[in-house]
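Notes for the one structure printed next.
The values are calculated or read from the model by the stated rules, or taken from the named source; none is laboratory data. All of these numbers come straight from a predicted model, not from anything done at the bench. Heads up, the Cβs are rebuilt from the backbone with ideal geometry, glycines too, and the neighbour counts pull from every protein chain shown.
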Amino acid sequence: MANDGLAIASTRARFEPAPAAYAAFLLLVFVGLSPFQPGVSAAAASGAGDLARQICYLGAFAVIVWSSFVRRGWNALALVPLSLAVLLLWCVLSAAWAGAPAIALRRAGLEIVIVASAFLSVDAIGAERALKLWRYVLIGVLIVNWISIPLLPQAVHQAGEADPSLVGDWRGLYIHKNIAGSVCAVSALIFLYWAIEKRSLIDWALAAGAVAFLVMTRSKSSMAFLPAALAAGAVYRIAWKSDLDRFIVVIAGALGAVVIAAIAFLHADAIARLFENADEFTGRTAIWQAEAAYIAAHPFLGSGFGTFSDTGAVSPLYGYFGADTSAWVETVAHGHNGYLQILVTTGGIGFVLAMFALVAKPALAFWPRDEPKLPLRSLLFAIFVFVLFHNLLESDFLEGDGVQWVTFLLMLAMLRPARAET
């Protein structure tokens, strides 16, 4: 009888639904159900949902919620930060004035599932274990990406792209080289953390492989912001060992911001001409001009969550492009600036809520010194800086199951236990 009890206990110890659901969640985000499929599906372009994808996310979400309630009870509801919960509520409410309310509600619902899945699963298995499983998934993605290049033509952007400049750029299993590049950049940060903390030669090689693949994607934004993120993480790790060093870094950063602002003011005309040219930044300025025009016309409420772009004919984006805009811009999948896109879709009210929940509150969470958790916090800070910069040229915030948005959520979720587990 005693042996039977030990056997049952051993079986129960081996059965852990939370890590399995978390791993499934990561695979859905970073691999998806249709890897190596170029372009945007007709369903995505029209705002229609993907039933199989929704079922998979809901399945993983159900297991994650069950595991979290077993662990926390009703306290599990408090795992999602209140500021982020209020932002999500505003996204749901925006369906009331959206041009396509069904799309707004469906995408807001997915957003709630994604956010809750990230926070509840990381809490259920712990930040260190969550990071380890994330690393395993990214290792798999990197290996598959490299193997796919000589074997699958669609792993490289082919002739016939709407944007001819993409031809020859590597994208691996992702639909676009910019997504592949951003995943490689975050992978490099995590592999470097593991290489330094665990003294792992394998992770040094993995980091090199991630950077090499990033270079071959020719994703300029990720290549530019990765060094900045690495520098930010290094400065954080060094300076946050003492209060004096921390204050010196903050003062130096503030002075640097003043200098940059002064230079921008002195060269305002040249900068304005740069952004008035629709061909600059690979066509992004045309999109930004259209977004700015829409924001000026709808400053408070916006177009409704998830309805401004990637929604086909119902998108209000098309009415704000000039007649001379390139044809490819009219099929843009997102606004190429996360801050502008939040303003467009959720209005000024949503923007204030988002900046508090996604920028100000996390920045304040990084301020306290916590030397036992400093290595992990420095990695999380590097990811934080990378995503903030990445949103200057891409739209990551509140992007459903977008890889950089989920990366940002995982960073926020790991930051909370990194502060609590001393």
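Below, the figures for the structure above:
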item: Identity of the residue in the range 179-200, polar (S, T, N, Q) and either at pLDDT 95 or above or part of a helix (DSSP H, G or I) (or both), that ends up surrounded by the fewest Cβ atoms within 10 Å (Cβ to Cβ); result: Ser187
item: Residue check, Val156 within 13 Å of Phe213 (Cα to Cα) and surrounded by fewer than 21 Cβ atoms within 10 Å (Cβ to Cβ); result: yes
item: Residues located in the range 364-377, provided they are within 16 Å of Pro81 (Cβ to Cβ) and surrounded by 13 or more Cβ atoms within 10 Å (Cβ to Cβ); result: Ala365, Phe366
item: The lone exception for Ile287 - which of (1) β-branched (Val, Ile, Thr); (2) under 18 Å from Leu398 (Cα atoms); (3) modelled with pLDDT of 60 or more it fails; result: (2)
item: Residue among Ala212, Ala231, Ala207 that alone is without any contact (Cβ under 8 Å) to a residue 12 or more places away in the chain and under 18 Å from Val144 (Cβ atoms); result: Ala212
item: Only one of Ile64, Ile55 that is of a type in the set (Val, Ile, Thr), closer than 28 Å to Val144 by Cβ, touching a helix residue (DSSP H, G or I) at 6+ places or on another chain (Cβ under 6 Å) and modelled with pLDDT of 90 or more; result: Ile64
item: Contacts under 9 angstrom Cβ, first residue in the range 99-123 being farther than 16 Å from Thr307 by Cα, partner among the polar types (S, T, N, Q), 6 or more apart; result: Val113/Gln54; Ala116/Ser68; Phe119/Ser68; Leu120/Ser67; Leu120/Ser68; Ser121/Ser67; Ser121/Ser68; Asp123/Ser68
item: Search result, residues across the range 161-178 that are farther than 14 Å from Val211 by Cα and assigned to a helix (DSSP H, G or I); result: Pro164, Ser165, Leu166
item: Residue within the range 52-67 that is in a helix (DSSP H, G or I), hydrophobic (A, V, I, L, M, F, W, C), closer than 30 Å to Leu317 by Cβ and touching a residue at least 60 places away in the same chain (Cβ under 8 Å) present; result: no
item: Only one of Ala354, Ala333 that is modelled with pLDDT of 95 or more and within 26 Å of His176 (Cβ to Cβ); result: Ala354
item: Identity of the residue in the range 333-349, touching a residue at least 60 places away in the same chain (Cβ under 8 Å) and surrounded by fewer than 24 Cβ atoms within 10 Å (Cβ to Cβ), that ends up farthest from His298 (Cα to Cα); result: Ala333
item: Top-ranked residue of the range 212-258 - restricted to ones that are touching a helix residue (DSSP H, G or I) at 6+ places or on another chain (Cβ under 8 Å) and outside any helix (DSSP H, G or I), ranked as surrounded by the fewest Cβ atoms within 10 Å (Cβ to Cβ); result: Lys241
